[in-house]
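The structure appears right after this line, and notes come after that.
Rule-based calculations on the coordinates, nothing more; no lab input. No experiment lies behind these values; they were computed from the predicted model shown. Glycine gets a Cβ as well: all are built from the backbone with ideal geometry, and neighbour counts include every protein chain shown.
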């Protein structure tokens, strides 16, 4: 099919289907017209096939046809959309045979450079004869004319140059397209003209999922010596970019599967079945598995009229002895979750978790690169070995966990990226293993501000127990004898779809009964704080109440119910109580004290510190700056403190820099 035929067919096609739209675009001063590939295929299959094989020539013919219809549409660009699924290409499958053809690619924007102008054509004037020479700038190097018709060589005067906006983005394969644990491949995408308008800027932010229709091109690699390498780099020149609606696992659910999902939710033992299917090859931990299920569906995210947002994601922290099966649970959740990322402590940096600014090789300058928390937006991130991460890297997580955004201000880039991401973290206790005689809270070696952001904390202890050990050994040996994986009652594929459907389609609201129950529990816990030396311990804070609401909503979601009933609230209360009893129990008073985990000392310890400080102040008024420790001991005994407790408090105050020891047996305030 020659060029004239192509132009005629396109003119006929455009006049039939797009005449009104074309005139409207010209009237509004817009520079692109989107053509539906399926319509073109119906109109002329031969031309549609040719478009896939020789996109550059055919699109040029279409643009010429537009100018024949409307002469003042000189800079209108044709954009092709709605390519068939057969033309979809995975980044990992791109080969040299695909060069210069049109394909459809899907993925997540990983990196994005600044918008820069690029010359497409330049006009030069010959100083000798005044002749004007037009040079098209097709290569990366700026070209000047060599000779003029009058015989002059070199030194021409640049009159004007045509510039267009260009931008580079890096597209990475979406995690759901990867086969277990495969490395996600990337490719550079080149956007120009209207694809980099302010409107499309928002669509291509790092972390966004997009569909690109483009032509695969090779780019020459220039060696350090200045010569060209025999190897070429790949690049996709985008023709059309469309954002894909970011949903929790775009999993297609058939009618048969929908029927099965509905059946499971109506089953009386639905929770038992789901819990058993979460990690069938990990023995025990029913409560933990239940919590992980609730985490996968999450609570309901609420946006108020004044713009404040309440997160719906439940963050969970598992702290346990080595070899207790934490990593196995995390890996299994990674397989069930419809959208997930897995990272491990030592191998992750703060930038790899949140976002970073990197030097851009593609268009030079700086570009923004998204980390795991941003890429798993509306999904879940597993962080193994949280305690092995450096403190600076852990600090990067604070904003992402509570505010659910990642703000970055580096080089010349200021950006806020969304990361509505759920975090499931695992860590080891401070000394590698739990000390059965010490309180759990003292053995969590993580900053209290970070711990406070986790809704549920599970200590996983590995204590010898004859009966339990015999069961576990039997379970493990059976697993090894029969090499087939132990299947859950509900198979993984259906479980994934069940959870995705629950999160995508069910948005429960609290009933009055559930609200009363949560309020009653909260007030009962608040008033049950131990009264020591006039300072009450705080058994539960408003943050835990919000966590309870999220867990209640997640329970209702698992039942596929639009209402949060009293049974859901009760389940949430039982789960939180189970965690608090294990982590926040104050042994001295026998009550739950949230300060054990949310700050560095419990309220009973804080009361002792207050008593000792008051006594030091009193003695200082009487005896002057240098205070004998014996005097402090005498007065603290009267207040009911033991000598070793007083010594512990004095050591703490010395460490904190409030006191120092000028000579043995005496202390002084700093």
If R0 = 60 Å, then residue 256 and residue 630, at their Cβ-Cβ distance, give a FRET efficiency to the nearest 0.05 of 0.15
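With r defined as the distance between the Cβ atoms of residue 242 and residue 86 and R0 fixed at 25 Å, what FRET efficiency is calculated, to the nearest 0.05? Each step should come with its number before you reach the end.
Details: r = 18 Å, r/R0 = 0.71.
Efficiency, rounded to the nearest 0.05: 0.90.
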The exposure ranking of 271, 389, fewest beta-carbon neighbours within 10 Å first, is 271, 389
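Using a Förster distance of 60 angstrom, determine the FRET efficiency expected from the C-beta separation of residue 507 and residue 150, and round it to 0.05. Could the numbers behind the result be given before it?
Values: r = 76 Å, r/R0 = 1.27.
After rounding, the FRET efficiency stands at 0.20.
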Burial-style ranking of 146-158, 230-242, 329-341, 631-643, average other-beta-carbon count within 10 Å with highest first, yields 329-341, 230-242, 631-643, 146-158
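How large, in Å, is the stretch 371-456 by the Kirkwood hydrodynamic radius built from its alpha-carbon pairs?
Working: mean 1/r = 0.0700 Å⁻¹.
That comes to 14.3 Å for the stretch 371-456.
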So the compactness index of the stretch 3-82, its C-alpha Rg divided by 2.2 N^0.38 Å, takes the value 0.99
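How big is the convex hull of the Cα atoms of the stretch 274-419, per residue, in Å³? Mind dumping the intermediate values first?
Details: hull volume 20.2 nm³, N = 146.
Expressed per residue, the convex hull around the Cα atoms of the stretch 274-419 is 139 Å³.
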With the 8 Å Cα cutoff and a minimum separation of six or more residues, the stretch 601-669 has a relative contact order in percent of 33 percent
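Fewest first, what order do 377, 480, 315 take by the number of other Cβ atoms within 10 Å?
If I rank by nearby Cβ atoms, fewest first, I get 480, 377, 315.
What is the mean projected area of the alpha carbon convex hull for the stretch 300-346, to one decimal in square nanometres?
On the way: hull surface 20.5 nm².
Over all viewing directions, the stretch 300-346 projects a mean Cα-hull area of 5.1 nm².
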Between the alpha carbon centres of the stretch 102-123 and the stretch 255-325 the gap in Å comes to 41 Å
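Would you mind computing Rg(Cα) / (2.2 N^0.38 Å) for the stretch 157-196, counting N as its residues? Don't skip to the answer; put the middle values down first.
Details: Rg = 17.4 Å, N = 40, 2.2 N^0.38 = 8.9 Å.
Normalised Cα radius of gyration, the stretch 157-196: 1.95.
Using the eigenvalues of the Cα gyration tensor, what equivalent ellipsoid semi-axes result for the stretch 601-669 when each is taken as the square root of five times the eigenvalue, whole Å, largest first? Spell out each step's value before the answer.
Details: eigenvalues 62, 38, 23 Å².
Value: 18, 14, 11 Å, ordered largest first.
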Here the residues of the stretch 63-106 lying in the modelled label zone of residue 39, meaning backbone nitrogen under 13 Å from a point 7 Å along Cα-to-Cβ, are 79-82
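Using a 10 Å cut-off around each Cβ, can you sort 552, 390 from fewest to most neighbouring Cβ atoms? Could you put the intermediate results ahead of the total?
Working: 552 30, 390 12.
In order of increasing Cβ crowding within 10 Å: 390, 552.
Could you work out the relative contact order of the stretch 332-383, using alpha carbon pairs under 8 angstrom and six or more residues apart, expressed as a whole percent? Display every interim value, and only then the final one.
On the way: 67 pairs, mean separation 23.7, N = 52.
Once normalised by length, the contact order is 46 percent.
Need the full-extension length gain, residue 23 to residue 577, defined as separation in residues times 0.36 nm minus the C-alpha distance. One decimal, nm. The partial results should precede the final answer.
Details: separation 554, 0.36 × 554 = 199.44 nm, distance 6.65 nm.
Computed gain between residue 23 and residue 577 is 192.8 nm.
Any idea what % of Cα-Cα pairs in the stretch 255-505 are farther than 24 Å? Could the numbers behind the result be given before it?
Details: 16705 of 31375 pairs.
Every Cα pair in the stretch 255-505 considered, those over 24 Å come to 53 percent.
Going by average Cβ neighbours within 10 Å, how do the peptides 281-287, 17-23, 95-101, 189-195 rank, with the highest at the top?
Details: 281-287: 15.9, 17-23: 14.3, 95-101: 11.4, 189-195: 20.4.
Put in order of decreasing packing, that is 189-195, 281-287, 17-23, 95-101.
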The alpha-carbon center of the stretch 206-228 and that of the stretch 152-172 are separated, in whole Å, by 18 Å
Here the gain from full extension of residue 310 to residue 273, 0.36 nm per residue of separation minus their alpha-carbon distance, amounts to 10.2 nm
Placing one equal point scatterer on each C-alpha of the stretch 361-420 and summing with Debye, one gets log10 I(q)/I(0) at q = 0.14, 0.21, 0.26 Å⁻¹ equal to -0.47, -0.93, -1.18
So, relative contact order of the stretch 91-243 in percent, Cα under 8 Å, 6 or more apart, is 29 percent
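Mind pulling the per residue volume of the convex hull built on the Cα atoms of the stretch 91-243? Å³ is fine.
Values: hull volume 23.4 nm³, N = 153.
With only Cα atoms used, the stretch 91-243 gives 153 Å³ per residue.
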Inter-part gap, Cα centre of the stretch 450-523 to Cα centre of the stretch 1-66, in whole angstrom, is 55 Å
Expressed in angstrom, Rg and Dmax over the Cα atoms of the chain are 33.0, 111
So residue 221 and residue 49, fully extended at 0.36 nm per residue minus their Cα-Cα distance, gain in nm 58.8 nm
Taking only C-alpha positions in the stretch 204-303, Rg and Dmax in angstrom work out to 24.2, 74
